[in-house]
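The values are calculated or read from the model by the stated rules, or taken from the named source; none is laboratory data. Note that the coordinates shown come from a computational prediction; the quantities given were computed from them, not determined experimentally. Virtual Cβ from ideal backbone geometry, glycine too; neighbours counted across all protein chains shown.
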Amino acid sequence: MKIRKGFVTNSSSSSYVVAKKKDASEKDVRKAIADKYYKNKDYYLSLLKNIEDDLEETGYAQETEDYYGERSLIRAYFGDGDIDKEYINYLTKKVLELFSDTWNGKGTLDSWEVTVCEVSNENDDIFEWLLYDDSSIIQNELIKVI
């Protein structure tokens, strides 16, 4: 497994160990993500700006299918909705999905639920693109990423 802390050349994917406090509710995770988002809002929006050209070039922003549950986020980013609300909802949903996915395996370590995920910048999943760019965007007091 690669440990990615910054830019890695010749790599289109990265793998992470993600841990969540066992007793953290969806409401707790949402609040922790929102707190970090509002403290770093410009940075979070810049990550979407980094992939804006890809979204427009591929026509992804106009697609009607919503394979990865990101349609509301994309529409809000392009001006049709509340970007803050949609970004926070999207990150919360995707983080919690990591722990419901048994495909990659999961376990526990003391007071933490632990799972692994592999992300790539070569598919159509915006969550993967975001984590590939900077996995710390989901890290807070309840979520740890290694």
Identify all residues within segment 90-133 that are over 30 Å from Asp53 (Cβ atoms) and in contact with an Asp or Glu (Cβ under 6 Å, 6 or more places away or on another chain); write none if there are none.
Phe99
Filter segment 107-146 for residues that are in a strand (DSSP E or B) and polar (S, T, N, Q); which is surrounded by the most Cβ atoms within 10 Å (Cβ to Cβ)?
Thr115
Only one residue in Asn50, Asn10, Asn104 is at pLDDT below 95, surrounded by fewer than 18 Cβ atoms within 10 Å (Cβ to Cβ) and within 15 Å of the chain's Cα centre (by Cα), so which one is that?
Asn50
Can Asp80 be described as surrounded by fewer than 16 Cβ atoms within 10 Å (Cβ to Cβ), part of a helix (DSSP H, G or I) and not β-branched (Val, Ile, Thr)?
no
Where a residue in segment 66-85 is under 17 Å from Asp53 (Cβ atoms) and its partner, wherever it lies, is of a type in the set (D, E, K, R) and part of a helix (DSSP H, G or I), with Cβ under 6 Å and at least six apart:
Leu73/Glu86
What is the one condition in (1) at pLDDT 85 or above; (2) farther than 21 Å from Ile146 by Cα; (3) crowded, with 16+ Cβ neighbours inside 10 Å; (4) among the hydroxyl-bearing types (Ser, Thr, Tyr) that Tyr16 does not satisfy?
(2)
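For segment 24-39, how many residues meet the condition of being basic (Lys, Arg) and in contact (Cβ under 8 Å) with a residue 60 or more places away in the chain?
Number of matching residues: 2.
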